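Input: a single structure, listed below in C-alpha cells.
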Amino acid sequence: MQPQPYLAPIPLRGRISRTQPRGLPVVNMGFNELPYPPLESLQEALREALGQAQSYGSPHCDALRDALGAQNGLSAERIVCGNGSEEILDVIARCFARPGDEVLISEYGYIQFALTTHRVGATLVKAPERNFTTQVDAMLAAITGRTRLIYVANPNNPTGTMLAVSELQRLVRAVPPEVVLVVDLAYGEFAGGGYPARVHDLAADHDNVVVTRTFSKAYGLAGLRVGWCHAPAWMIPVLYAARGMGTVNALAQAGAIAALAEQAAIDARVAEILSERARISGALGQLWLEVVPSQTNFMMARFRDGSAELTERLVEALFDEGGFVVNRTREAGLERFFRFSLHLPENNDRLVDCVREFVERRA
Ligand SMILES: *Cc1c(COP(=O)(O)O)cnc(C)c1O
C-alpha cells in the first residue's frame, strides 16, 4: 500500500533523446517560441536586476503593471501578473472550480486547460469544433448549471485558428454572468489588426471575463516566465488569494518592463514571422500538404492523403535529415498533423527542403 495521490501521474515527456545523426545543430520548432535572442537592452536590464537579486521583486509587480497598463490603455489596478500565463490559468481555476464543477473548452482547446481542470478535480467538458475552429454555438449549447469556467484560446494552440472579434463578442454576451470566461490571447499579437486591444475592449465591461496575455510568444521571453491578465476589478483580490506571493521573480519583472520599452523592435520581429508564415504556408501547399490557416507563429499541416504513421515518419526524418524538432499532434482527431513554430527564414527554407525530399523519396 502506498500513499494515494489525487492526481493521475503525468510521465515525463519522452523527447527525441538520440543525438542528431549528422552532427547538425538541433533547431527546436516544438515550443512555439520565437527564434530571436533577447534584445541588447533587455539583456542589460537583466544584468542590472541581477546585481540586486538579494532583494525580493515587487510582490504585486507594481512597475510592470504600470507599464502594461500604460501600453495597453488599461488600468494597472485591473492587471495581475503571473509566472507565465500558465500560472494565471491555474490561479483562475483554483478560484472558481472544484470537484463537481464543469470547465468547458472546445474540442481541440489548449492542453493546459485540461491539465489545470484535472488539478482542481473539476470535470472537463468539450464542445465540438468545425474546421478546427471553436464554434460559439456549440460552446453555448454545452453550458450547464454546473459550468463555472470556460477557457478559449484565441488564437488556439495547437490548431492556430481563432474566432473573429464579432464571434467572440457573441460568446462574451451570451455566457451567463455567473460563469467565468477566460480568453487566452497568448498569440493575439500574431492575429493582426490590433486584435488584443479589441479583445481588451470587449472584456472591459463584463464582470465575468478575464483576458490572459504572455511575454513568452510575441515578446520572445519564454524563459523568463511572465504572463498577465486583465480581469474585472472585483476579481483582482480573489486572484491574489490563489497566487503565490513572489511568483514573478525580480529578473523576470525587469526583463518584461524592458521589453515593453522596445515595442517597435518587438513589432518588427512579429512582422517578420508573419511574412514567413505566408511564405512557408505557400511553399508547403505546393508540396501537396494541407496547411490549416494559422493566426499564430506556428503552423499545423498534414499530407492530404497521408496516415498518422506517415506523419510519424516525417517527424523522424525532419530530425534525422535536418536537425528539426517538430511536434506530432497526438490529440484524437489531429493525429495526422504535425506542427512547428516558424523560425528564421534560412531554417524555414531548410525545413521545406527536408519535407520536399521526404515527399520525393516517397514518390
Ligand atoms: C504558450 C501558450 C501560453 C503561454 O504560456 P506561458 O506560461 O505564458 O509561457 C498560454 N496559452 C497558450 C494557448 C499557449 O500556447
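Each residue in segment 337-358 was checked for being of a type outside the set (Lys, Arg) and in a strand (DSSP E or B), and 3 of them qualify.
Checked against (1) farther than 29 Å from residue 257 by Cβ; (2) touching a helix residue (DSSP H, G or I) at 6+ places or on another chain (Cβ under 7 Å); (3) of a type in the set (D, E, K, R), residue 129 meets all criteria but (2). Considering only residues in segment 186-198 that are surrounded by 24 or more Cβ atoms within 10 Å (Cβ to Cβ) and assigned to a loop (DSSP other than H, G, I, E, B), the one that is nearest to the ligand (Cβ to nearest atom) turns out to be 186. Would it be correct to say that residue 45 is farther than 19 Å from residue 196 by Cα, buried (at least 20 other Cβ atoms within 10 Å of the Cβ) and more than 16 Å from the ligand (Cβ to nearest atom)? So residue 45 fits the description; yes.
Apart from one condition, residue 315 fits all of (1) part of a helix (DSSP H, G or I); (2) within 16 Å of the ligand (Cβ to nearest atom); the exception is (2). Between 25, 21, 35, 59, the distinction of being in contact with an Asp or Glu (Cβ under 7 Å, 6 or more places away or on another chain) and farther than 17 Å from residue 258 by Cα belongs to 21 only.
Looking at the structure I just gave you, is residue 48 under 29 Å from residue 111 (Cα atoms) and outside any loop (DSSP other than H, G, I, E, B)? Here the answer is no, as residue 48 does not meet what is asked. Among the criteria (1) assigned to a loop (DSSP other than H, G, I, E, B); (2) more than 24 Å from the chain's Cα centre (by Cα), the one residue 334 does not fulfil is (2). Taking the listed residues 207, 201, the one that is of a type in the set (Asp, Glu) and in a loop (DSSP other than H, G, I, E, B) is 207, with no other qualifying. If you check 223, 255, 282 for being free of Cβ contacts under 8 Å to residues at least 12 places away in the same chain, in a helix (DSSP H, G or I) and within 15 Å of the ligand (Cβ to nearest atom), only one passes: 223. Taking the stated definitions as given, is residue 301 part of a strand (DSSP E or B), at pLDDT 95 or above and either surrounded by fewer than 20 Cβ atoms within 10 Å (Cβ to Cβ) or more than 17 Å from the chain's Cα centre (by Cα) (or both)? When the stated conditions are applied, residue 301 passes them.
Answer yes or no: is there a residue in segment 268-284 that is at pLDDT below 95 and surrounded by fewer than 15 Cβ atoms within 10 Å (Cβ to Cβ). Within segment 268-284 (the criterion being at pLDDT below 95 and surrounded by fewer than 15 Cβ atoms within 10 Å (Cβ to Cβ)), the answer is no, since none of the residues qualifies.
The values are calculated or read from the model by the stated rules, or taken from the named source; none is laboratory data. Keep in mind that this is a model prediction, so the values were computed, not measured. Note: ideal-geometry Cβ built from the backbone for every residue, glycine included; neighbour counts use all protein chains shown.
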